[in-house]
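Notes follow the structure.
The values are calculated or read from the model by the stated rules, or taken from the named source; none is laboratory data. In this text the structure is predicted, and so the values were computed from the model without any measurement. FYI the Cβ positions are ideal-geometry reconstructions off the backbone, even for glycines, and counts take in every protein chain you see. All accessible areas refer to the heavy atoms of the entire protein, side chains included, with ligands and DNA or RNA removed. Shrake-Rupley method; radii C 1.70, N 1.55, O 1.52, S 1.80 Å.
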Amino acid sequence: MERIMKDLSKKIQYMKGSSVRALTRYCNNAEAKGKVVHKLNIGQPDLHIPKEYYDYLRSFNEQPLEYMPSNGRPDLLHAIKGYYHDEGMDFGENDIAITTGGSEALLFTLHALTNVGDECIIFEPFYSNYNTFFTLSGMKPVAVTTYAERGFHFTKHEIEEKITGNTKAILVTNPGNPTGAVLSSEELKMIAEIACENDLYIIADEVYREIVFDGLEISSFGLIKGIDERLIIIDSISKRFCACGARIGMIISKNKPFMSIISKLCQGRLAASAAEQWGAVGLYSTGLKETHLIRDEFQKRRDVVYQNLRNMPGAKCARPEGAFYIVAKIPVADASKFLIWMLEEYQENGETVMAAPAEGFYLTAGLGRDEIRIAYVLDCEQLDRAMKILANGICAYNQIQ
Ligand SMILES: Cc1ncc(COP(=O)(O)O)c(C=O)c1O
């Protein structure tokens, strides 16, 4: 047989894989052996997408089925402009580009900003797929470490310490994945001030914008004055409407040179799906009533997970203020090994639990080794059961160590 000798991309070979999917093969093996695995690893809501999405898809009958305009179908751009207007933010259709999920929005944004040597401030723990976008674009992430003890909030000084002559941007995920922290408008103003003082772009990943608990006000960089030219918002329908499979996201910015580079990238991949964009028009026609139901359900689940962790000897975590994740320190030395053991060795009435090892959400080596991220994407009853199995699993594991 002929052997291929040429190297594959080193850049990608050495890139960190998704920590959320790191244990999938162990899970598949466990399921093949008949175990029921409660999956708390992926941030994919189990709730229903509003019915208008499928109503619109059923009515979709465009002939011929053409490429859409690269920056997005006009009816969707119009709907998104309307949504932002209702939220108190005025963006024109030309300030919006539709992408294949928030993921492509992040990838295009980092490509559009990055020159060799550029650095981007980021708050760890952070959404681990950012690693892919940093690696592909060549942007170097520089982490400000945040801690559960302070609810994963941070000070101006902690950010300023990390700024160098190469800093190009600050990437802020608000509400936070995996932290569940929600920044106040005062905190956003503080970041905006730093960006203005140091001439930085702000990449505001607000895909969880409305998922905030306990009546907290929604804070968006789009509401902060005086940063129009430096602000890039990453948005998506995945979480707002429980529409992960639709793959529709967007980049929003009033910076015209930036948006013209984004247009070139959009043209390079031709267009996002015509039908999925039409389904998204259906979703935006519902307003936010379904989103508020989604938020309320996640708040109930947050309470179940948080209470269980509070009762778990040796566990430490902050009470999430939004999104649908929690990072918890658990009393094991290596959470990754423990989670594999849960899948391979442990079961309670044929059931076990999978969560994500949190180490992959940190840039700084060694951090997060005794932490897990739980995505509360099961109903309250199942979640409570899963948390009890997790607690019992930790006790059983520590007895054999
Ligand atoms: C913080 C954050 N940004 C962006 C994304 C990408 O979402 P999508 O590509 O589904 O829009 C996710 C997905 O989990 C996320 O958690």
Sort out which residues of segment 308-320 are in a loop (DSSP other than H, G, I, E, B), open to solvent by less than 50 Å² (accessible area, probe 1.4 Å) and either among the small types (Gly, Ala, Ser) or under 29 Å from Ser238 (Cβ atoms) (or both), and write them in order of number. Ala315, Ala318, Pro320
Scanning segment 15-38 for residues that are open to solvent by 80 Å² or more (accessible area, probe 1.4 Å) and either within 22 Å of the chain's Cα centre (by Cα) or of a type in the set (Gly, Ala, Ser) (or both) gives Lys16, Arg21, Ala32
Hey, can you tell me all the residues within segment 167-191 that are assigned to a helix (DSSP H, G or I) and either more than 16 Å from Ile202 (Cα to Cα) or open to solvent by 10 Å² or more (accessible area, probe 1.4 Å) (or both)? Ser185, Glu186, Glu187, Lys189, Met190
Residue list for segment 128-166, restricted to those being assigned to a helix (DSSP H, G or I), charged (D, E, K, R) and either within 17 Å of Asn198 (Cβ to Cβ) or open to solvent by less than 40 Å² (accessible area, probe 1.4 Å) (or both): Lys156, Glu158, Glu160
Return the residue satisfying two criteria in turn: it lies in segment 1-24 and is charged (D, E, K, R) and assigned to a loop (DSSP other than H, G, I, E, B), and of such residues it is nearest to Arg373 (Cα to Cα). Arg21
Just a yes or no: is a residue in segment 259-277 within 15 Å of the ligand (Cβ to nearest atom), open to solvent by 10 Å² or more (accessible area, probe 1.4 Å), over 22 Å from His85 (Cβ atoms) and not in a loop (DSSP other than H, G, I, E, B)? yes
For a quick check of your reading of the model, give me the residue pairs whose first member lies in segment 121-146 and is free of Cβ contacts under 8 Å to residues at least 12 places away in the same chain, whose second is among the basic types (Lys, Arg), with beta-carbon atoms closer than 6 Å and at least 6 apart or on different chains. none
Per-region count, segment 203-240, residues under 18 Å from Asp86 (Cβ atoms), near the ligand (Cβ under 10 Å from one of its atoms) and in a strand (DSSP E or B): 2
Failed item, numbered, when Gly245 is tested on (1) under 21 Å from the mean Cα position of the chain (by Cα); (2) open to solvent by 50 Å² or more (accessible area, probe 1.4 Å); (3) more than 16 Å from the ligand (Cβ to nearest atom): (3)
Conditions (1) away from the ligand (no atom under 16 Å from the Cβ); (2) closer than 30 Å to Phe60 by Cα -> Thr99 fails only (1)
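Collect the residues in segment 203-221 that are farther than 24 Å from Leu293 by Cβ and surrounded by fewer than 22 Cβ atoms within 10 Å (Cβ to Cβ), keeping them in residue-number order. Break it down into steps so the answer makes sense when it comes.
At the first step, the residues of segment 203-221 found to be farther than 24 Å from Leu293 by Cβ are 203-204, 221.
Passing the criteria: none in range.
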Within segment 73-107, count every residue that is within 22 Å of the chain's Cα centre (by Cα) and on the phi > 0 side of the Ramachandran plot. 1
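Got a number for residues in segment 248-258 being open to solvent by less than 20 Å² (accessible area, probe 1.4 Å) and more than 14 Å from the ligand (Cβ to nearest atom)? Full working, then the answer.
Filtering segment 248-258 down to residues open to solvent by less than 20 Å² (accessible area, probe 1.4 Å) leaves 248-253, 255, 258.
Retained after the next criterion (residues that are more than 14 Å from the ligand (Cβ to nearest atom)): 253, 255, 258.
Number satisfying all stated conditions: 3.
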Report, by residue number, each residue of segment 128-156 that is touching a strand residue (DSSP E or B) at 6+ places or on another chain (Cβ under 6 Å) and either aliphatic (A, V, I, L, M) or within 15 Å of the ligand (Cβ to nearest atom) (or both). Phe134, Met139, Pro141, Val142, Ala143, Val144, Thr146, Ala148
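Results for (1) open to solvent by 10 Å² or more (accessible area, probe 1.4 Å); (2) touching a Gly at 6+ places or on another chain (Cβ under 6 Å); (3) in contact (Cβ under 8 Å) with a residue 40 or more places away in the chain; (4) in a helix (DSSP H, G or I), shown as yes or no for each residue.
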residue	(1), (2), (3), (4)
Gly360	yes, no, yes, yes
Leu363	yes, no, yes, no
Gly366	yes, no, no, no
Arg369	yes, no, no, no
Arg373	no, no, yes, no
Gln382	yes, no, yes, yes
Ala386	no, no, yes, yes
Ile394	no, no, yes, yes
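Yes or no: Asn41 at pLDDT 95 or above and closer than 23 Å to Cys244 by Cβ? First the steps, then the outcome.
On the way: at pLDDT 95 or above: no; closer than 23 Å to Cys244 by Cβ: yes.
No.
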